[in-house]
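The values are calculated or read from the model by the stated rules, or taken from the named source; none is laboratory data. Quantities reported herein were computed from a predicted structural model and do not represent experimental measurements. Quick reminder, even Gly has a Cβ in these numbers, built from the backbone with ideal geometry, and neighbours come from all protein chains shown. Keep in mind that these areas ignore ligands, DNA and RNA; they rest on the heavy atoms of the full protein, side chains included. Shrake-Rupley method; radii C 1.70, N 1.55, O 1.52, S 1.80 Å.
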Amino acid sequence: MDGLSIREAARQYAQRGWSVVPIPYASKKPGKKGWQQMRLTPEEIDGHFDREPQNVGVLLGEPSQWLIDVDLDHSRAIELADVFLPQTPAVFGREGKPRSHRIYRATAPAVTKKFNSKSSGMIVEIRSTGAQTVFPPSTHESGEAIRWEEDEAVPADVDPDVLFECVKNLA
């Protein structure tokens, strides 16, 4: 999706059945109340993605047909992800943290779960209903471009219990 505007990317995500939310530029937070309840149709995109620059967030879990993000926060988790996590072609990140987001489609309802340690802080997080992630081609808080490893990749289907065990073992 490199080269697409935020509006075009939001429209493509919505056409895939993913619920999108507008996010202020270079931010991770929607910045307005009620974002968890937004369910924009492809026809409503232009009215909400109406300024540049801007970021695009995707609501996870139930609003997006059980789209799940495994957010790898710790550098060691990123290094080991290919060993512990199920493969998925839907991977993105930024220059400073490449391949730090792995996107899956859960075959059953899944819950958000955070894995952290006292010494290292957040290690990895399974994001589902009630959470959102800033997707490409947005701009990270650091100013780095968020990019897909492979444009238009289809998330792998995964049993949420299997994914939970894999992420727990990674953490």
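Looking for whichever is within 25 Å of Gly17 (Cβ to Cβ), of a type outside the set (Phe, Trp, Tyr) and open to solvent by 70 Å² or more (accessible area, probe 1.4 Å) here; the options are Val158, Val167, Val134, Val162. Which one fits?
On the way: Val158 fails: open to solvent by 70 Å² or more (accessible area, probe 1.4 Å); Val167 fails: open to solvent by 70 Å² or more (accessible area, probe 1.4 Å); Val134 fails: open to solvent by 70 Å² or more (accessible area, probe 1.4 Å).
From the options Val158, Val167, Val134, Val162, the qualifying one is Val162.
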Worksheet entry | In segment 109-131, residue farthest from Glu8 (Cα to Cα) [restricted to those that are of a type in the set (Ser, Thr, Tyr) and open to solvent by 20 Å² or more (accessible area, probe 1.4 Å)] | Ser119
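Given Ile68, Ile78, which one is touching a Pro at 6+ places or on another chain (Cβ under 9 Å) and assigned to a helix (DSSP H, G or I)?
Working: Ile68 fails: assigned to a helix (DSSP H, G or I).
Step by step, each of Ile68, Ile78 is checked, and only Ile78 is touching a Pro at 6+ places or on another chain (Cβ under 9 Å) and assigned to a helix (DSSP H, G or I).
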Item to complete: Among the residues of segment 38-73, count how many are at pLDDT below 95, open to solvent by 30 Å² or more (accessible area, probe 1.4 Å) and out of contact with any Leu (no Cβ under 9 Å at 6 or more places or on another chain).
Response: 9
Worksheet entry | Residues located in segment 15-37, provided they are closer than 21 Å to Glu144 by Cβ, open to solvent by less than 20 Å² (accessible area, probe 1.4 Å) and not in a strand (DSSP E or B) | Pro30
